[in-house]
């Protein structure tokens, strides 16, 4: 077999055309990503703070809230609030999701309270049952319901007690974020 | 939807690449310590970081994460201070008045006018259709600043003195002559000259050649304030109405309160107007100077003056009598007890010559002294003379103490000598310094402590090293001296030797070669600030009186031997003859010139003529200590005349601190992107893989994973990022057991009180609760 010495010739016009098409393509991607709602929203500006979340806020706001998002805000940001207790039922295996969600809730709620000149303490405790939980205007309760105890993904407000539930770890995350969206009165439009 | 995911994936990839590249380009900060952690992780995190929790976290880790969350959130706001605003002076303010100057040094030789303080008028008044110039001034030339120790009520404290003879005069000065006002014995009530004295109306009705001025005083209700049956003249609670009138006659009714709400308390008729009537039971007099009435008796207007009996027409003379409260005698200004009215320049009866003055003079019954921050207010709040304080609030606070058993090292940390006794000169105020004689700038040869120390090798003579000067090296934590002359002279190293001093300090000595003066420079801030010399003059040829003198500008401290200086013993020193007890003569100071005063038992601070302020000698002398303050510049007094605005006190408010990307992550979820950030790791290497990476131990496998952490303890450790993230750090909060992690997290939550002062990269926390936790 004889060797072949093939050459591809690209003239300058073709090269320019290819680069131009590439540039337009990248610009289009950039435009669509940033301005056409494809980009996940993971942070917002709240009272001058950039607050970051663990997941996309657009996805989080799809988690249903009962009775309403406003109810979360009225419970958590009521001027009479003095102490917030976060409760969770031990899983007897790993409590890492509780640690993650507790950090997220406490850190962001504390900023919200400081921003609104509210002197509110926050603490976390474990419990053996989610039954008969009842908060009051000064001491609302946030109950974290681990996926192993939940058959729904939702945020429910009852008797100054807010239940955050997820059917899996990601839903649990999203439910927590949507609780914070409600508490901090962040306006996000889902797509 | 598929298209959206493709786009999102592309952008995430691009973002990831950029984020990985960025840290390499970023500046490289140092690791720092826990105390400096605020600039990195725990304090004011200006850039993003992540908190990492082990996937196998326990309940204690949940609580630990909560503790740290609270801490970090609180750091998103910080207390900021709004400094108070000093009161602004409306008027004249000077800060160059000498410590015992009279205020004649003020502009205008102490006579202050409208252009010094606009509250003083320079205007005209009208009389019988013509305008007459006048001006107001305040003469404070007689007021004096004092600090004489020997004077009672001064006792060495800087004070503003007001003598009983009248050092402050408000003056209403007639700039244009006026004639036709009547005489003191035959006043002209028809055409009183109405002026406002310190803002209060006065009606002048006559003058005499003997410097007398007749004035209507009380409630002067004339002309547009003339009374009728409906319009009263009000004096205190009494309302005087004109009920009926005629030619040179007026009947008045005195009501307590107005006619609408009060009650009639007396009535009377004044005949042969101008004349007066006294209502003895009420203690008031009504003087009528003119009446305008219709023929049927209706009063159109009656000019009256209502006041205390015997005082509605008062003649003032050249000297105010404020000692009497009798209204017929006293010259007191209305409503005042220490201010009186006197006149000057009235030399022709019936006229007011140009330059004539009505003066309101301050004549307290005994000499008054105003301290710093005090003021003297003119009547009717017409202005105030205030003593604000000194021209500087920057003082070096110096403490001199006899010391024993001191060791001196050279600059290479070799011990030169130990067991030395002598004196310590300690600069207690943070900004101030003690310097060697060659200290010429803020950067070189200024120290917090200087020492003059004595060796046991014999009496001081030149070049034998028996007297040493040293300075405290804050970094090395020891007194540094050197035996080499050149290192000080050429390099300005940390200290000087006696040889150097002997050779170079004689310039400061006025005596023979047998006395050496060792000068220490005292300065508040070094460059630009005044330097004072604290001179220790040491004698040779004696073993018992080796301290000739210890002097700092007009202040002398009587330090002397407590023990004899021998070849076997270094001497100890004491203040005064008796050591522990306080003696009058152990400290002296020159105050207001002359012979120095013995101030050793003074309770309060004593200001010397030089501006050195000796701090409470009696409180310090018993401990052999002398404390004094050296001002940053030539000490002067700050005074003002006018009004002082209000002072706002400092306040605090919460200000937002920029915080970004604080998100919690499971160790199993921490991506390469996130590993390039600062991290806070909760949990030890047995439960958290990132902790294992940071501590460089095996993950999960016990006991290897617990290496470096003892049972019952936890660590809080700041380490460089194990992921080659340049300049990034990992703060590991890890316990041997979960409850230890919890306790350490609580310590982190109380960073400000428990960790902020720790200049280490790692601490061990023992215990399982924050209250019981011990930090080492």
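Nothing in this text is a laboratory measurement; each read-out follows from the coordinates by a stated rule. What you see is a predicted model, and the numbers here were worked out from it, not measured in a lab. Here the Cβ positions follow ideal geometry from the backbone for every residue, glycine too, while neighbour counts run over all protein chains shown.
Relative to the longest principal axis of the Cα atoms of chain A, helix A:169-183 runs at roughly 70 degrees.
Most tightly packed first, judged by the mean number of other beta-carbon atoms within 10 Å of their residues, the peptides B:295-301, B:689-695 read B:689-695, B:295-301.
Residues of the stretch B:167-201 falling in the label zone of residue B:128, defined by backbone nitrogen less than 17 Å from a point 7 Å along Cα to beta-carbon, are B:176-195. Here the extension length gained between residue A:169 and residue A:139 equals 8.1 nm, from 0.36 nm per residue of separation less the Cα-Cα distance. Report the label-to-label distance for residue B:93 and residue A:80 in nanometres (one decimal), using points 7 Å from each Cα along the Cα→Cβ vector. The two pseudo-label positions are separated by 5.0 nm. With the simple model of a label 7 Å out from the Cα in the direction of the Cβ, residue B:429 to residue B:210 spans 5.9 nm. Using a 7 Å offset from Cα along Cα-Cβ at residue B:269, what residues in the stretch B:206-248 end up with backbone N under 13 Å from the label point? In the stretch B:206-248, the label zone of residue B:269 (backbone N under 13 Å from the point 7 Å along Cα→Cβ) covers B:243-248. Between 0 and 90 degrees, the angle of helix A:96-115 with respect to the longest Cα principal axis of chain A falls at about 80 degrees.
Could you tell me the distance between the Cα centroids of the stretch A:53-116 and the stretch B:699-776, to the nearest Å? Spelled out, the Cα-based centre of one part sits 27 Å from the other. Per-residue mean of foreign Cβ neighbours for B:49-62 is 5 (Cβ atoms of other chains, 10 Å radius).
Relative contact order for the stretch B:219-310 using alpha-carbon pairs under 8 Å, separation at least 6, rounded to a whole percent? Can you show the working numbers first?
Values: 241 pairs, mean separation 28.3, N = 92.
31 percent.
Each peptide in B:729-735, A:172-178 was scored by the mean count of other Cβ atoms within 10 Å over its residues; highest first, the order is B:729-735, A:172-178. Globularity index of chain A is 1.49 (Cα radius of gyration / 2.2 N^0.38 Å, N = number of residues).
Measuring r between the beta carbons of residue B:702 and residue B:413 and using R0 = 60 Å, the FRET efficiency lands at 0.85.
Counting only other chains, and only Cβ atoms inside 10 Å, what mean value do you get across the residues of B:664-672? Mind dumping the intermediate values first?
Working: counts 9, 3, 6, 1, 1, 4, 0, 0, 0.
Across B:664-672, the average partner-chain Cβ count within 10 Å equals 3.
Exposure proxy check: B:705, B:233 ranked by fewest other beta carbons within 10 Å?
Values: B:705 22, B:233 25.
The most exposed by this proxy come first: B:705, B:233.
Packing, taken as the mean count of other beta carbons within 10 Å per residue, orders the peptides A:126-136, B:324-334, B:713-723, B:150-160 from highest to lowest as B:713-723, B:150-160, B:324-334, A:126-136.
One Cα centroid belongs to the stretch B:617-634, the other to the stretch B:304-350; the line between them spans 50 Å. For the stretch B:219-310, the alpha-carbon radius of gyration amounts to 0.94 times the rule-of-thumb value 2.2 N^0.38 Å expected for a compact globular protein. Among A:82, B:399, B:728, a tally of other beta-carbon atoms within 10 Å of each Cβ gives an order, fewest to most, of A:82, B:399, B:728. In this rough spin-label picture, where each label sits 7 Å from Cα along the Cβ direction, the residue B:300-residue B:150 distance is 7.3 nm. For peptide B:401-411, the mean count of partner chain Cβ atoms within 10 Å of a residue's Cβ comes to 0.
For the stretch A:43-183, what's the relative contact order in percent, using C-alpha pairs closer than 8 Å and at least 6 residues apart?
Working: 258 pairs, mean separation 47.5, N = 141.
Answer for the stretch A:43-183 is 34 percent.
In plain terms, the chain from residue B:371 to residue B:194 could stretch by 59.9 nm, reckoned as 0.36 nm per residue minus the Cα-Cα distance.
The calculated FRET efficiency for residue B:393 paired with residue B:603, based on their beta-carbon distance and R0 = 25 Å, is about 0.65.
Taking other C-beta atoms within 10 angstrom as a stand-in for reagent exposure, B:754, A:28 fall in the order A:28, B:754, fewest first. Fully extending the segment from residue A:28 to residue A:11, taken as 0.36 nm per residue of separation minus the present Cα-Cα distance, adds 3.5 nm. Spatial offset of the stretch B:101-160 relative to the stretch B:520-594 amounts to 43 Å, using the alpha carbon center of each.
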